1. Looking at the stretch 213-221, is at least one residue away from the ligand (no atom under 16 Å from the Cβ), in the same structural domain as V101 (by TED's automatic domain parsing) and either out of contact with any helix residue (DSSP H, G or I) (no Cβ under 6 Å at 6 or more places or on another chain) or on the phi < 0 side of the Ramachandran plot (or both)?
2. Which is crowded, with 22+ Cβ neighbours inside 10 Å, touching a strand residue (DSSP E or B) at 6+ places or on another chain (Cβ under 8 Å) and modelled with pLDDT of 95 or more, of I109, I117?
3. If we scan the stretch 153-166, do we find a residue that is within 16 Å of the ligand (Cβ to nearest atom), modelled with pLDDT of 95 or more, on the phi > 0 side of the Ramachandran plot and surrounded by 20 or more Cβ atoms within 10 Å (Cβ to Cβ)?
4. Hey, among S258, S220, which residue is farther than 20 Å from W152 by Cα and assigned to a helix (DSSP H, G or I)?
5. Quick check on the stretch 79-106: of everything there that is among the small types (G, A, S), surrounded by 24 or more Cβ atoms within 10 Å (Cβ to Cβ) and in a loop (DSSP other than H, G, I, E, B), which residue is nearest to the ligand (Cβ to nearest atom)?
6. Return the total of residues in the stretch 232-262 being over 25 Å from F281 (Cα atoms) and either free of Cβ contacts under 8 Å to residues at least 24 places away in the same chain or not assigned by TED's automatic domain parsing to the domain that holds V275 (or both).
7. Which of the numbered conditions does E115 fail, given that it passes all the others? Conditions: (1) of a type in the set (D, E); (2) within 15 Å of the ligand (Cβ to nearest atom); (3) not in a loop (DSSP other than H, G, I, E, B).
Amino acid sequence: MSEAKQQPTVGAIDVTGTATGDSAAGKSGENAPGHDGDYYFDSYGHYGIHMEMLKDAHRTTSYRDAIMMNSYMFKDKIVMDVGCGTGILSMFAAKAGAKHVLAVECSSIAHQAREIIKENGFEDKITVLHGKLEELTLPNGIEKVDIIISEWMGYFLLYESMLNTVLIARDKFGADDVKLLPDSANMYATAITDPHYVQDRFEIWNNVHGLDFSYFKRLSYIEPLIDSVDKKQVMSSTATMFSFQLNSVKEEDLAFNSEFKLTATRDDTVHAICVHFDTPFCAGHDVVILDTAPWSTTTHWRQTVFYLINPIQMNKGEVMHCKLNSKPNPDNHRDLDVRLRVDFDGLMQVSHFDQDFRVR
Ligand SMILES: C[S@@+](CC[C@H](N)C(=O)[O-])C[C@H]1O[C@@H](n2cnc3c(N)ncnc32)[C@H](O)[C@@H]1O
């Protein structure tokens with residue numbers, strides 16, 4: 001990051017010369033804010049992607065409610081918004097009474113965020129710091145932050161690895177009793193049936209004008225599908241696959257192994273394992289839960305669906321044993337390598353297999 005831009009003095013806080021890299025705006029290449037080698041930040045530079053997120057009502061109102069319903073918690077506090085995008089969460093925090101909000105954003109949307117914040121009259125309360133959180137130094141007058149808010153969740157919760165950035169913010173800038181919003185996360189698995197999709201997207205490759213295209217069938221199984229699952233497709237119990245607290249989790253914990261059981265709730269064929277997540281906001285008196293289950297309000301995360309190479313015929317009450325390993329891909333740390341082990345000994349079928357996936 002290159003030299004910092006001069007910022008005005010805000011209240012008792014002198015924020016002069018602390019925003020990393022802002023003066024690099026407009027440059028390209030290695031020195032530009034957001035250079036990440038994988039064009040990750042470029043994708044957040046246009047307002048179109050932010051419109052999708054802002055329009056996701058359950059997402060945005062969950063954050064709004066978690067902040068506004070617990071406004072007592074924000075009164076006179078220093079808040080950091082990690083990855084502020086358009087500045088929406090920063091403005092909620094300012095409205096809730098925060099003393100000052102540091103809105104950190106690496107992509108060029110930071111410039112527009114600054115304008116929007118100004119047009120909403122919050123320029124004295126919110127400082128947009130354009131740069132990578134990892135390279136940030138706090139403005140003069142701010143030692144630590146009391147609250148960290150961030151919308152870091154990706155598909156399959158952990159895709160994009162933005163949570164790592166929040167953990168760095170927590171460890172570097174958080175006060176000893178820093179509050180995180182959200183403060184925990186849970187991933188869940190359930191078995192679903194989906195014969196039409198399997199026919200349409202996998203079986204079709206077996207015979208293309210009399211030719212064997214099953215090479216593509218094998219490829220298609222590797223990438224899980226991000227889609228809205230109809231709750232009627234759900235045919236098993238729901239298992240908690242992975243849970244963590246944001247105030248204690250470490251980056252290395254996010255490569256996880258999970259063992260879980262799914263019990264069939266009716267006689268049907270399992271075509272896929274559907275994964276969803278929730279993120280409770282429990283830091284204040286009023287708890288809010290952002291939930292992405294198939295039976296909840298649809299969000300832009302929808303669900304992540306892992307189709308099985310061997311569909312499984314289950315009778316009601318039978319149990320499928322699963323093991324799932326998820327870890328960042330060694331070549332692209334934002335992608336996830338997932339290995340699923342299925343063990344099933346049923347009346348109609350016996351199935352034991354491993355299957356590899358890549359979330360990207
Ligand atoms: C999912 S968006 C959320 C935007 C906004 N907070 C909202 O709720 O609408 C995440 C934002 O974090 C930014 N971001 C991701 N990693 C970052 C990092 N390491 N440093 C600064 N910004 C980052 C992205 O550019 C993106 O704008």
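The values are calculated or read from the model by the stated rules, or taken from the named source; none is laboratory data. As the structure is a prediction and not an experimental result, all values here were calculated from the model. Virtual Cβ from ideal backbone geometry, glycine too; neighbours counted across all protein chains shown.
1. Residues of the stretch 213-221 that are away from the ligand (no atom under 16 Å from the Cβ), as a first pass: 213-221.
Next, only the ones that are in the same structural domain as V101 (by TED's automatic domain parsing) stay: none.
No, the conditions are met nowhere in the stretch 213-221.
2. I117
3. yes
4. Numbers: S258 fails: assigned to a helix (DSSP H, G or I).
When all the criteria are applied, what remains is S220.
5. Out of the qualifying residues, it is G87.
6. Residues that pass the stated criteria total 1.
7. Exception for E115: condition (2).
The rows are residues; the columns are (1) among the charged types (D, E, K, R); (2) at pLDDT 95 or above.
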| site | (1), (2) |
| --- | --- |
| W301 | no, yes |
| H333 | no, no |
| R341 | yes, yes |
| M348 | no, no |
| Q355 | no, yes |
